[in-house]
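Reading through the structure tokens given below for one structure.
The values are calculated or read from the model by the stated rules, or taken from the named source; none is laboratory data. Just so we're clear, the structure is a prediction, and the values are computed from it rather than from any experiment. Glycine gets a Cβ as well: all are built from the backbone with ideal geometry, and neighbour counts include every protein chain shown. Only protein heavy atoms, including side chains, enter the accessible area calculation; ligands, DNA and RNA are left aside. Shrake-Rupley method; radii C 1.70, N 1.55, O 1.52, S 1.80 Å.
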Amino acid sequence: MFPELGQIALILALLLAVLLSVVPLVGSLTGREQLQAFARPLASGMFVFIAMAFGLLVHAFLTDDFSVAYVANNSNSLLPWFYKFSAVWGGHEGSLLLWILLLSGWTMAVAIFSRRLPAVMISQVLSVMGMISVGFLLFIILTSNPFDRLLPNIPADGADLNPLLQDIGLIMHPPMLYMGYVGFSVAFAFAIAALINGRLDAAWARWSRPWTTVAWAFLSVGIALGSWWAYYELGWGGWWFWDPVENASLLPWLAGTALMHSLAVTEKRGVFKSWTVLLAIIAFSLSLLGTFMVRSGVLTSVHAFASDPERGTFLLMLLAVTVIASLTLYAFRAPVVHVRSRYGSLGREIFLLLNNVLLVSATLLVGIGTLYPLVLDYLDMGKLSIGEPFFNTTFTPLAIATGLLLGAGIFSRWKKTDGGWLGRKLLWPLAISVVVTTAVVIGYGGFKPWAFAGVFTAVWVAVATLWDLNDKSRSRKGRLHGLKRQSRSYWGMVLGHLGLAMTIAGVTVVSNYGIERDVRMSPGDVATVGDYQFAFRAMGQRQGQNYTSQYGTFDVMKGGERIAVLHPEKRQYSVGMRVMTEADIDAGLSRDIFVAIGEHISDGAWAIRLQYKPLIRWLWLGAVVMAIGGFFAISDRRYRIRENSEETAGETRGARLPVKGSAEAVS
Amino acid sequence: MHPIRKKRLTIVLFLLAGIGVAVGLTTYALRQNINLFYDPSQIAAGEAPHDVRIRAGGMVEKGSVVRDPESLKVRFRVTDFQSSVPVEYTGILPDLFAEGQGVVAMGKLDAGGSFVADQVLAKHDENYMPPEVAESLKKTADGQPVANGAAQSASY
């Protein structure tokens, strides 16, 4: 009976979503406040029912209710409980339910944290979020119901979760990524609301900023987790393949990064308004595009569960409606640009404009490379794929240019920066960066132009950021006082940029100085990779909870000393008999040592992949640091409730307390 | 020129230059990196270019996988049940690589007509058939009823 309750909860949520998308909007357009007041309760109600549906699906998984088709297809009674839990979003239907749960969660969060906003604005924002919810709830209910039953032939056991997905990475990666995707819906809703009532001002930008930053922070972590997971779980040590599915997540990230920076200009200087609105629309549309590409079955990968054409069509319609409707609104309502440009040739505005140009170019490049084959295929003009070199050769120069500009832009001032002053300011950071880069590149064993450029970019960004921090924290009361005086949003920027520098450094070093060797080894053999010797000691067997494993024992030695013992595995899962490669990694801040077993070749000999991956952890840690920066930025005081409204909140709380007390006394 | 106009002009020029560079890079890089897909029949008919990176796909012919005893070199034939192409690859094959399974290989045709692969893909799911392979199998099956029989007998 529980699954039916879940379905009913979804339908009720849909009804509330329909009301939410109509009632407050009508109220805001006609100026009726009692209708606007429905926005918050409706948003909360929708969240409650969706959370209920999600909870019921979790319950079905944890209790092995294989009468539910989705559970039977994606779980198995042998799975440990945490994989049963994460299996909830291990397939198409459940992952969409997670999507919509997070969407309603964001809607709820907007309802809670935007008490300071004018009622008209908030009701419009929540209405727009309601419209998005209607689309996705309809999608779930009509095409992808997770509560469909397998009656009366209930299978004795489930078909199991794909072994690739039985991993900590999968528990965390989709929720984080979706938080990011869905989070851009808030910036989108703010943009649409601003277009509807024509209030594109600094206040609008200030409201949008924290939401955009949080979404971006989650998306950064989500992408990094996906990359990390691919690195150790897909088995072969690659961390980015320019696979369409990966690109689908990178596109909204690039657009979101541009949006974050352009929002800063709009808030501080009141310019770039139309552009910012457009970016907000683009960022969310790209999130939808990502969802479409991954979920519709146009791409085949570990992510594509559905190849039901109905689903693809529905998602494409949803995407088309969103894009066409919002761009139409944009065309009619975007402010006519009066360029009262009061910014000079080297003002910070210009640097941020260039940042946006570069980021949008990168978005376009990745978008073209990803969509071109799909479009050609759809038009029946031939099957082709675009290889990694395309992305590497086009994306790298843009990334480097962005980094170089960033270093200079940090020192620039709003409105106008004196060129000569800026040049002198950059002299020392430039000198330091050249020296450090040269040392690093020589330390890693040789000059390569791209390696030099990449490392230089990373060092340059880091040095410029720290130099600026040093300048700003200079204080007569001592350095500590100066550091304390900096705002949280400034710290956010510092961390964001240092994180970017770490990621660039990691990507560059591991791509240029990493070593990868595929060798044929039998127990007793020793192979050398760089400074490391790998001694293959033996193969053994062991029994896991739902798999049997053949594992190797490798001693890793450097300079005659044993530094690690690694046990890479070849697992055979008992349900479905799938074979999985589990690499073993000796992880470290400065380098990873990676061993994976390929297939058994003959008489005790195995294909073995040995890798030395310098600085690879940095590329994920950088994303984490960026995300921490994002959270720092939104904790800035100016986003918090104004003091006077805090007082009123205190008063009501104070007033309520005695009432509560008396109620308790009565009971 | 009026300073505001001059500023606008600078911005427009900046944008144009950016777009120009992007478009230039894209077309250049695209021309270098488009990998067309060919099925074994097309390759056997000589439609595929030599010494250009292409993708080829089909089913791994049963009994065709031969390993070199000394290295990681492996030879197998990829078939669409019409024609088959010999493939050479050095390295680790994916977990789901097996005789009778669909694969896609990236690489170049050498002068002798064998396909030297630098990458072999067999995707994450054992039920998965690369879409190109599925389509080319369907095409050969639709076109020649004889091939249909062959496909059935091969998938016993």
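For this structure, a couple of remarks:
- If the condition is being within 14 Å of A:GLN550 (Cβ to Cβ) and without any contact (Cβ under 8 Å) to a residue 60 or more places away in the chain, then the stretch A:578-598 contributes A:VAL579, A:ASP584, A:ILE597.
- In the set (1) open to solvent by less than 40 Å² (accessible area, probe 1.4 Å); (2) in a helix (DSSP H, G or I); (3) in contact with a Pro (Cβ under 8 Å, 6 or more places away or on another chain), the condition left unmet by A:SER385 is number (2).
- Inter-residue pairs, beta-carbon under 8 Å, first facing chain A (nearest Cβ under 8 Å) and in the stretch B:62-75, second in a loop (DSSP other than H, G, I, E, B) and surrounded by 15 or more Cβ atoms within 10 Å (Cβ to Cβ), 6+ apart: B:LEU72/B:GLY91; B:LEU72/B:ILE92
- Scanning the stretch A:210-266 for residues that are farther than 30 Å from A:PRO568 by Cα, among the aliphatic types (A, V, I, L, M) and open to solvent by less than 10 Å² (accessible area, probe 1.4 Å) gives A:ALA215, A:ALA217, A:LEU219, A:ALA248, A:LEU251, A:LEU254, A:ALA255, A:ALA258, A:LEU259, A:LEU263, A:VAL265.
- Only residues that are touching a Lys or Arg at 6+ places or on another chain (Cβ under 8 Å) and buried (at least 24 other Cβ atoms within 10 Å of the Cβ) were counted in the stretch A:69-94, giving 2.
- Leading residue by the ranking (farthest from A:VAL461 (Cα to Cα)) among those in the stretch A:366-402 that are more than 8 Å from chain B (Cβ to nearest Cβ) and polar (S, T, N, Q): A:THR370
- Criterion: more than 17 Å from A:GLY598 (Cβ to Cβ), among the aromatic types (Phe, Trp, Tyr) and surrounded by 17 or more Cβ atoms within 10 Å (Cβ to Cβ) - qualifying residue of B:PHE81, B:PHE97: B:PHE81
- Within the stretch A:24-55, the residues that satisfy the criterion of being open to solvent by 30 Å² or more (accessible area, probe 1.4 Å) and either β-branched (Val, Ile, Thr) or under 27 Å from the mean Cα position of the chain (by Cα) (or both) are A:VAL26, A:THR30, A:SER44, A:PHE47, A:VAL48, A:PHE49, A:ALA51, A:MET52, A:GLY55.
- Residues of the stretch B:102-121 classified as under 24 Å from A:LEU234 (Cα atoms) and part of a loop (DSSP other than H, G, I, E, B), total: 0
- Each residue in the stretch A:133-164 was checked for being within 14 Å of chain B (Cβ to nearest Cβ) and outside any loop (DSSP other than H, G, I, E, B), and 2 pass.
- Strands (runs of 3 or more DSSP E) wholly inside the stretch A:558-667 containing at least 1 residues that are surrounded by fewer than 11 Cβ atoms within 10 Å (Cβ to Cβ) and modelled with pLDDT of 85 or more: A:561-566
- For the stretch B:1-17, the set of residues classified as among the hydroxyl-bearing types (Ser, Thr, Tyr) and either more than 9 Å from chain A (Cβ to nearest Cβ) or open to solvent by 100 Å² or more (accessible area, probe 1.4 Å) (or both) is empty.
- Note on the stretch A:411-425: among residues that are hydrophobic (A, V, I, L, M, F, W, C) and assigned to a helix (DSSP H, G or I), the one that is least open to solvent (accessible area, probe 1.4 Å) is A:LEU422.
- Given (1) open to solvent by 60 Å² or more (accessible area, probe 1.4 Å); (2) more than 30 Å from A:ALA464 (Cα to Cα); (3) away from chain B (no Cβ under 14 Å), number of the condition A:ARG517 does not satisfy: (3)
- Picking from residues in the stretch A:283-322 that are hydroxyl-bearing (Ser, Thr, Tyr) and in a loop (DSSP other than H, G, I, E, B), the one that is modelled with the lowest pLDDT is A:SER301.
- Search result, residues across the stretch A:393-411 that are modelled with pLDDT of 90 or more and of a type in the set (S, T, N, Q): A:THR396, A:THR402
- Screening B:GLU88 with (1) of a type in the set (D, E, K, R); (2) more than 12 Å from chain A (Cβ to nearest Cβ); (3) open to solvent by 70 Å² or more (accessible area, probe 1.4 Å) gives one miss only, at (3).
Yes/no matrix, rows are residues, columns are (1) closer than 21 Å to A:PHE390 by Cα; (2) out of contact with any Phe, Trp or Tyr (no Cβ under 6 Å at 6 or more places or on another chain):
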| position | (1), (2) |
| --- | --- |
| A:GLY222 | no, yes |
| A:ASP243 | yes, yes |
| A:ALA255 | yes, yes |
| A:ALA258 | no, yes |
| A:PHE272 | no, yes |
| A:THR276 | no, yes |
| A:PHE284 | no, no |
| A:GLY290 | yes, yes |
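- So B:PHE37, is it more than 35 Å from the chain's Cα centre (by Cα), facing another protein chain (nearest Cβ under 10 Å) and aromatic (Phe, Trp, Tyr): no
- Selection within the stretch A:241-262 - of a type outside the set (A, V, I, L, M) and part of a helix (DSSP H, G or I): A:PRO244, A:GLU246, A:ASN247, A:SER249, A:PRO252, A:TRP253, A:GLY256, A:THR257, A:HIS261, A:SER262
- In the stretch A:523-537, the count of residues that are closer than 30 Å to A:ASN76 by Cα and in a strand (DSSP E or B) is zero.
- Every condition in (1) among the aromatic types (Phe, Trp, Tyr); (2) part of a loop (DSSP other than H, G, I, E, B); (3) closer than 18 Å to A:SER95 by Cβ holds for A:TYR181 except the one numbered (2).
- Members of the stretch A:148-174 found to be surrounded by fewer than 16 Cβ atoms within 10 Å (Cβ to Cβ) and under 9 Å from A:SER86 (Cβ atoms), listed by number: A:ILE168
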